[in-house]
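Participant: Got a structure here, written out as structure tokens. Questions coming.
Bear in mind that the values in this text are calculations on the coordinates, not laboratory data. Everything numeric here is computed off the predicted structure, so don't read it as measured data. Every residue, glycine as well, gets a Cβ built from its backbone with ideal geometry; the counts of neighbours run over all protein chains shown.
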Protein chains: 4
Amino acid sequence: MANSQYEYVRSFETWDAISPSNWIVVRIDGRGFSKLCQKHNFQKPNDKRALELMNAAATEVVRSFVDVVLAYGDSDEYSFVFHESCTLFERRAAKLATSVATQFTAEYCMLWPCFFPGTELERPWPTFDGRCVAYPKRKILRDYLSWRQADCHINNLYNTTFWNLVLKGGMSTTEAEDLLKGTLSSDKNEILFQRFGINYNNEEAMFRKGTVMYRAYDDNLEENPSNGMQIPDPNSKSQMEKAKKRKQKATIAVEHVDIIGDGFWEKRPYILAPARRGQDSGE
Amino acid sequence: MANSQYEYVRSFETWDAISPSNWIVVRIDGRGFSKLCQKHNFQKPNDKRALELMNAAATEVVRSFVDVVLAYGDSDEYSFVFHESCTLFERRAAKLATSVATQFTAEYCMLWPCFFPGTELERPWPTFDGRCVAYPKRKILRDYLSWRQADCHINNLYNTTFWNLVLKGGMSTTEAEDLLKGTLSSDKNEILFQRFGINYNNEEAMFRKGTVMYRAYDDNLEENPSNGMQIPDPNSKSQMEKAKKRKQKATIAVEHVDIIGDGFWEKRPYILAPARRGQDSGE
Amino acid sequence: MANSQYEYVRSFETWDAISPSNWIVVRIDGRGFSKLCQKHNFQKPNDKRALELMNAAATEVVRSFVDVVLAYGDSDEYSFVFHESCTLFERRAAKLATSVATQFTAEYCMLWPCFFPGTELERPWPTFDGRCVAYPKRKILRDYLSWRQADCHINNLYNTTFWNLVLKGGMSTTEAEDLLKGTLSSDKNEILFQRFGINYNNEEAMFRKGTVMYRAYDDNLEENPSNGMQIPDPNSKSQMEKAKKRKQKATIAVEHVDIIGDGFWEKRPYILAPARRGQDSGE
Amino acid sequence: MANSQYEYVRSFETWDAISPSNWIVVRIDGRGFSKLCQKHNFQKPNDKRALELMNAAATEVVRSFVDVVLAYGDSDEYSFVFHESCTLFERRAAKLATSVATQFTAEYCMLWPCFFPGTELERPWPTFDGRCVAYPKRKILRDYLSWRQADCHINNLYNTTFWNLVLKGGMSTTEAEDLLKGTLSSDKNEILFQRFGINYNNEEAMFRKGTVMYRAYDDNLEENPSNGMQIPDPNSKSQMEKAKKRKQKATIAVEHVDIIGDGFWEKRPYILAPARRGQDSGE
């Protein structure tokens, strides 16, 4: 029983490497999470335990994939940004997407008891689909992240208003929906404030801003901002190895801050710094 | 904070649908399973509990994806065959690969305690990468499955001989490796028989043949072989709905049999039957 | 001035090979041909010289690409069918599409004076865009060809009626358009017959059916139909070389016949015959 | 004869748009040009008429594709650079590659008599294959162009030396080959100078540098360098229309200058300028 006569079937596998010098985003999304929320009585509009479970799972993904420079998540989705110079799995899209999505899934399932003590998971287990997208420029990657954070804001403002109308205002979901149809952000802010005495800006930052995650180096960056930017020479094995170890040991910062404006990025230029000055991302 | 100015980033997402009328195989592979085997003391050459855990996870995947017509697995890999007419997720490769791989991962993690009672899983959790491959013809799909089963045979014969030499024969792993270098199947069979009184063909079928899984319809196929082949008209919603329910209720057969020869397929022509006579797979 | 430092740019080239065991159709389409028609006063509804020029160009393409088993064309488009087992240019899509489209363009330009004597070509020169499409099954390939021929019929019946209304019926183009809006084939046949005494079925076959082109082997196929089917063993260099020579010497049949029904194909089974019995297209 | 039943075959066409915000290079290469050179007795090492024919064909391609910002060619190849913001043909790769390659082919065939008066073209006509490559950063695009120009230099220095050895030095081609094996640039310069009194740097620039082509705007750029950079707002139809007309009227500069160093680009910043400040190519 030789298998050489069958080996030709390998020629049907396609090569799906993502073009070099593109930032790679692996975005994962909960599958059928509205049912999961219902079954396990997630709190509305936000279930803090669920979000913290998402964040815990994401932290582990960031920890194991040292090429991830930043992750951003809200609701049941998370985006992991791999550096444009990343060569993991030869940049093959399917490998990257499935490796991230399965680790995230495993973490979510295994960490569940820590965040939902006493609530047993039931089938269908939580799972996540995923996909890779390539962004050719740093500016466009930032626009991608802004898109996700703006989306988080819009959804959360809506959901916060909607669920206050329903849970505190005594409206049916249809009534709340009708009321909110066509309203602007300012209208929703007004409804929250007038009817429920809620200043939206005082809502939890995690709900309003989502969660951003990145490696925070031990170096005192305030005093010596260039510390974070010691970019290893890709041709020096020892420098690369040292850089990898540094990444593995780095604390992973988990924050709920604005990443649309320039402030966040100006303070942490190393996050999206080119792999080596003047090479790949030379513009 | 409008997100319309950022929406253009969606144009970077590529459309990865698999061409119609191709059989889709999603193959998943354990990531870093040799370390997992060591850490949890998997038995050599085969750990029955681990294989049965793989099979249990695969059964659940087959159960939830009604478009899977057959699955084949051995060692730490599994191949799920989606019918050539499948339209799940619009045939998008990333969706298919990540949905299968994450469900398999979740099942594996959650079912672990049933198969390894008393052995707690530890990080890194078991995870699986996955990829889609498209096969344009039934014959080529069968060659793919033959390739995997022939591979199972070759690996298992080698491993069985190797581990007998080490565990019962007192050889070092290097000595066993050297002894087996360049040997034919017949040589290994001979070593097993002469040195250890083992007739390879009496080894467990699951080890030798791997595991094949498919929906076995309640209909008495022996008496009425056409029962399994009631192919619904894709334009009839009620027929399609009925067919889906039938698939969901179907018992999933789990067998350790030869799928290289024609016998298996001739007895179960419905497994790879065209979606509708004379249409998609018309040759 | 070494160029080694720049060679990395090659890594941006993607591999665009078409999956094996798929029939490859390269379809070319005239670019901006309505202007070309106007400028050179092509006759309406069909310009015989222009169609014959298309056919002459296509014949040369078929002659040089021995892997083309059939070509079909009408109006300003042509489809070239490469055998599913074809390995030309490693099946790279861009190579195939540009090689066919540029040869077709060169032939069209260079043969122009033979078909339009006295009419000088002017810029913009006639050019053709092209693309590859992969069809996994013989049946689907035949549906593709049926689609093109049915399209030819529909367009030609419309155009024949339209231009008769305009040129002989004295209508304005708008009036003719309005009259034909919503008409069925039978209506158009009726108009042609009642108003202009034209039996559509007596129109030239080239206009009604388009043009089909294939290698007609010298062998007396009527008497010995298996002659056309001597399929060479791909592992025998001499057989393959002999087959190639036979293709190069073969007369190229140019016909205006129905290829939607089975008749054409049943008489010439060798056209879409598998590369080797029982291998690639095994179903 | 309805064709609706066959329309499903369109679903086999894949979408091959090149990701936005990438520079697109369409490179065309002469097919079988060594035979063409022989048949028409092209002069060695360079045939000026042939190169000028290439340049004339390229000029017409640049003229008709206003999105081409620069073209570079030598020998029998030409690279056409489409601006990263180009939306021609929705950026579909096959359309771009075949449209450029067929126009180039048509120009080459039709212009032949102007450059080779008295020499009639013969079959096989000159044709060109083509492909698209996407470059995500301006810096990488420049490296691509440097790669081609360095390649031109290396080949031309070799060919100049080789053919002088053969044509003037009386060597056989094998002897010349052997002599040059392993030589450095400096060795070849030395051979040329010592044996043939040739200072390589005095060879024609077109041979040494290839040909670079771009739109030179009428504006007096020396005095007012920002003139060339009036970047239209993509949302203003009138500005875009005006910009297009300006491109169509622009003189196409044809030069044989260095494009590896920064000088060329610093003098003409508008060539690779972003479509709109701060948008697409924002880094």
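Participant: Largest first, please: the extent of the C-alpha atoms of segment A:97-183 along each principal axis, to the nearest Å.
Facilitator: Answer, in whole Å and largest first: 44, 44, 19 Å.
Participant: How large is ³J(HN,Hα) for each residue in segment D:201-216, as worked out from phi by the Karplus curve 6.51 cos²θ - 1.76 cosθ + 1.60 (θ = phi - 60°), to whole Hz, x for Gly and Pro?
Facilitator: Using θ = phi - 60°, the values come out as 5, 8, 4, 4, 4, 4, 6, 7, 10, x, 10, 10, 9, 7, 6, 9 Hz.
Participant: Let me ask something else. Quick check on my link table: of D:Lys139/D:Lys245; A:Lys35/B:Lys245; A:Lys39/B:Lys249; D:Lys35/D:Lys95, which ones sit more than 25 Å apart, alpha carbon to alpha carbon? Write down the numbers at each step before the final one.
Facilitator: Working: D:Lys139/D:Lys245 28 Å; A:Lys35/B:Lys245 20 Å; A:Lys39/B:Lys249 23 Å; D:Lys35/D:Lys95 28 Å.
Exceeds cut-off: D:Lys139/D:Lys245; D:Lys35/D:Lys95.
Participant: How long are the three semi-axes of the equivalent ellipsoid of chain C, in whole Å, if each is the root of 5 times an eigenvalue of the C-alpha gyration tensor, listed from largest down? Walk me through the intermediate numbers first.
Facilitator: Details: eigenvalues 270, 135, 63 Å².
Largest first, chain C gives 37, 26, 18 Å.
Participant: From the label point of B:His256, set 7 Å from Cα along Cα→Cβ, how far away are the matching label points in the other copies, in nm, ordered shortest to longest?
Facilitator: Those label-point separations list as 5.3, 6.9, 7.7 nm.
Participant: How big is D, in µm² s⁻¹, for the protein assembly as shown by Stokes-Einstein at 10 °C and 1.306 mPa s if Rh is the Kirkwood radius over C-alpha pairs? Walk me through the numbers before you get to the answer.
Facilitator: On the way: Rh = 34.2 Å.
Translational diffusion coefficient: 46 µm²/s.
Participant: Can you give me the distance in nm between label points at C:Leu167 and D:Arg246, each placed 7 Å from the Cα along the Cα-to-Cβ direction?
Facilitator: My value for the distance between the label points is 4.7 nm.
Participant: Using label points projected 7 Å from each Cα along Cα→Cβ, tell me how many nm separate B:Ser4 and A:Thr119, to one decimal.
Facilitator: 3.7 nm
Participant: Hey, fewest Cβ within 10 Å first, where do B:Tyr135, A:Tyr158 land in order? Walk me through the numbers before you get to the answer.
Facilitator: Values: B:Tyr135 24, A:Tyr158 15.
With the sparsest Cβ surroundings first, the list reads A:Tyr158, B:Tyr135.
Participant: Among C:Ser236, C:Ser99, C:Ser79, whose mean-square fluctuation peaks in a Gaussian network model of chain C (Cα, cutoff 10 Å)?
Facilitator: C:Ser236
Participant: Oh, and also: Would you mind computing, in nm to one decimal, how far apart the modelled labels at A:Ala17 and D:Glu177 are, each placed 7 Å from Cα along Cα→Cβ?
Facilitator: Placing both labels 7 Å beyond Cα along the Cβ direction yields 3.2 nm.
Participant: Just checking the output field for B:106-118: average partner chain Cβ neighbours within 10 Å of each residue's Cβ?
Facilitator: Values: counts 13, 5, 3, 8, 8, 1, 1, 0, 0, 0, 0, 0, 0.
For peptide B:106-118, the averaged partner shielding equals 3.
Participant: Rank C:Thr160, C:Thr105, C:Thr251 by mean-square fluctuation in a GNM of chain C with C-alpha springs under 10 angstrom and give only the top-ranked residue.
Facilitator: C:Thr251
Participant: With θ taken as phi - 60° and the coefficients 6.51, -1.76 and 1.60, list the Karplus ³J(HN,Hα) couplings across segment C:112-119 in order, rounded to whole Hz; mark glycine and proline as x.
Facilitator: 3J(HN,Hα) across segment C:112-119, in whole Hz: 2, x, 6, 9, 10, x, x, 9.
Participant: For B:Cys132, A:Cys86, A:Cys114, what's the fewest-to-most ordering of other Cβ within 10 Å of each Cβ?
Facilitator: Values: B:Cys132 25, A:Cys86 21, A:Cys114 11.
Least crowded to most crowded, the residues run A:Cys114, A:Cys86, B:Cys132.
Participant: Now for a different question. Calculate the mean, over all residues of peptide A:152-165, of how many other protein chain Cβ atoms lie within 10 angstrom of the residue's Cβ. If you can, show how the numbers build up before the last one.
Facilitator: Values: counts 2, 3, 3, 0, 0, 1, 0, 0, 0, 0, 0, 0, 0, 0.
Partner Cβ neighbours, averaged per residue: 1.
Participant: Please report B:Val69, C:Val166 as a ranked list, fewest other C-beta atoms within 10 angstrom at the top and most at the bottom.
Facilitator: Numbers: B:Val69 22, C:Val166 18.
With the fewest neighbours first, B:Val69, C:Val166 line up as C:Val166, B:Val69.
Participant: Out of D:Glu77, D:Glu90, D:Glu13, any idea which swings most in a Gaussian network model of chain D, alpha carbons joined below 10 Å?
Facilitator: D:Glu13
Participant: Could you tell me which residue in chain D puts its beta carbon nearest the axis mapping D onto A, with the distance rounded to whole Å?
Facilitator: That would be D:Pro136, 2, residue then distance in Å.
Participant: Additional query: Kindly state, to the nearest 0.05, the FRET efficiency for C:Asn155 paired with A:Tyr158, given R0 = 41 Å and r defined as their beta-carbon distance.
Facilitator: Step by step, r from the Cβ atoms, then E = 0.20.
Participant: Same structure, new question: As I understand it, the dipole of segment D:27-144 uses +1 on the Cβ of Lys and Arg and -1 on the Cβ of Asp and Glu, about the Cα centre. Which of D:Thr105, D:Ala56, D:Phe80 lies farthest toward its positive end?
Facilitator: Going by the Cα projections, it comes out as D:Phe80.
Participant: Can you check what the Kirkwood hydrodynamic radius comes to for segment A:14-74, Cα pairs only, in Å to one decimal?
Facilitator: Values: mean 1/r = 0.0710 Å⁻¹.
14.1 Å is the Kirkwood radius here.
Participant: Given a Förster distance of 35 Å, report the FRET efficiency between D:Ala205 and D:Cys37 from their Cβ-Cβ distance, rounded to the nearest 0.05.
Facilitator: Details: r = 22 Å, r/R0 = 0.62.
So the FRET efficiency works out to roughly 0.95.
Participant: Cα-based Rg (one decimal) and Dmax (whole number) for segment A:106-154, in Å?
Facilitator: 16.5, 46
Participant: Can I ask one more? Can you tell me the length gained on complete extension of the stretch D:Ser64 to D:Leu88, counting 0.36 nm per residue apart and subtracting the Cα distance?
Facilitator: Details: separation 24, 0.36 × 24 = 8.64 nm, distance 1.19 nm.
This chain segment gains 7.4 nm when fully extended.
Participant: Just how large is the dipole of chain D about the Cα centre, in debye to the nearest 20, putting +1 at every Lys and Arg Cβ and -1 at every Asp and Glu Cβ? Mind showing how you got there, number by number?
Facilitator: Details: 37 positive and 38 negative charges, 108 e Å.
In debye, rounded to 20, chain D gives about 520.
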